[in-house]
Amino acid sequence: MDNQDYYSQNSSFSEKRWWQKDWPYWAGALGIALANILLFAFSGRPWGISSTITNCSVKALQAFNFQPEGWHYFMKPAMAAQLQNFDLLNSGLWVNLGVVSGVVISAVLMGEFFPRKFRSMRQILLALAGGFLMGFGARLAYGCNAGALLGGVSSMSFHGWLFAGFTFLGAIVGSKLILRIIR
Amino acid sequence: MKTLIKLRSASFLAFAERFILLITPAKMGIAAIGMLVLWAAFQSAWDNLVLWLLGALLGFCLHRARFCLAAAFRDAVLFRDISLSKAMIIIFFVSTIGFAFIQFRAYSLGLPIPGNIHPIGFHTVIGAFIFGVGMVLAGGCVCSMLARLGEGYVLALFILLGIMAGSLAGAYNVGWWEATIGSIKPVFFPDYLGWAGGITLQFLALGLLYLLCARIERKRL
């Protein structure tokens, strides 16, 4: 009995089917880069998340009769065009729905898809605050980490490199902050 | 004959029981959502289906390799662990090559150059800094938030809510920054150095980034 338990514990890792195994970082990196290139070739825009979220939020606001079209951000022709040509299932939304679906498929295959509840109010507050800062910073810098970092650096635009450098500095400050919050 | 029927029904029951246990309600819900999405995509246009599939490839690789750009920065800072940072550099390297092909093709056809090329200004610096702080506070970057949504973390919904609110506030605020401090027009490397020069600069910068990561790791010991 003891031997069997030891054996099953030891071989359970190797008994994972091939569609359940973790990938090494470089394999995922290659996959993400390839998918981003194909996306750029097909739709003309690299992967971006915060711009999609912004446009969807604006549409939600418009449903409540606010009028964000007058804001400076949307005076720019590119952004105004995005707003005009918006339909609920625009290109950015489809890609990001696909991303979530891809994660769901991968998680279900690995058996890791289950609701995970939060533990304390502090987690919610940290999540809301962190999310707010991320969204705010993403709009100021014209992109989030997928759009400005992955997309901007790959597009050989200097704003991506600036984004990388100052995100690093912000991460240093944020790490010190969170160590202080956790204590 | 009776025993045969009993045996058959017993094995059928066993099979049915295994089947029902295997297909939990969660999986049924997921399959239903998946079929709905595919049906909607097929209804409107094949384009959307391709976009969805490419997104699924992105999401699959994101989750399977446990990728997080926030962790790339955070681990390098806190634990001097640069494995994710190196993977990030691999993404930059491969994407640059692919994007450069697409951009050069557009340029040689006389079309405007596609890509995420945005204006630069003080707002970029401030925005990136704030993004870095928020990234560590929220425990993940924006793509990690999508990954956690897919894994079932309820907390990710709150991060999403925060991002929605913050995006609106930021979109409102960026006008002030650009009006007050101003911003310069986008800096696209090949504009200033030509295509060969721009790509060389990009690779040099990536090499420097890799050296920086290696230096961070070495200081650990």
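Throughout, read-outs are computed from the coordinates displayed, never taken from laboratory work. Since we're looking at a predicted model, the values are computed, not measured. So basically every Cβ, Gly included, is an ideal-geometry build from the backbone, and we count neighbours across all protein chains shown.
If one takes the longest principal axis of the Cα atoms in chain B, at what angle in degrees, from 0 to 90 and to the nearest 10, does the Cα axis of helix B:142-151 lie? So the helix axis and the longest Cα principal axis differ by about 0 degrees.
Tell me, what is a quarter of the convex hull surface for the C-alpha atoms of region B:75-221, in nm² with one decimal?
That works out to 11.3 nm².
For the peptides B:83-95, A:150-162, B:206-218, B:65-77, residues were scored by their other Cβ atoms within 10 Å and the scores averaged per peptide; the highest-first order is A:150-162, B:65-77, B:83-95, B:206-218. Principal-axis analysis of the Cα atoms of chain B puts helix B:25-44 at an angle of about 60° to the longest axis. Pairs with C-alpha atoms separated by more than 27 Å, drawn from the list A:LYS21/A:LYS176; A:LYS21/B:LYS219; B:LYS27/B:LYS86; A:LYS59/B:LYS86; A:LYS176/B:LYS86, are A:LYS21/A:LYS176; A:LYS21/B:LYS219; B:LYS27/B:LYS86; A:LYS59/B:LYS86. Spatially, region A:130-165 and region B:26-96 are offset by 17 Å when compared through their Cα centroids. Remark: mean inter-chain Cβ contacts per residue of A:52-60 equal 4, using a 10 Å Cβ-Cβ cutoff to other protein chain atoms. For A:ARG116, the residues whose modelled amide H falls within less than 5 Å of its own, excluding neighbours fewer than 5 places apart on the same chain, are B:TYR153, B:VAL154. Taking the longest Cα principal axis of chain B as reference, the axis of helix B:2-22 is set at about 20 degrees. Could you give the distance between the Cα centres of region B:156-209 and region B:97-145, to the whole Å? Centre-to-centre (Cα) distance: 5 Å.
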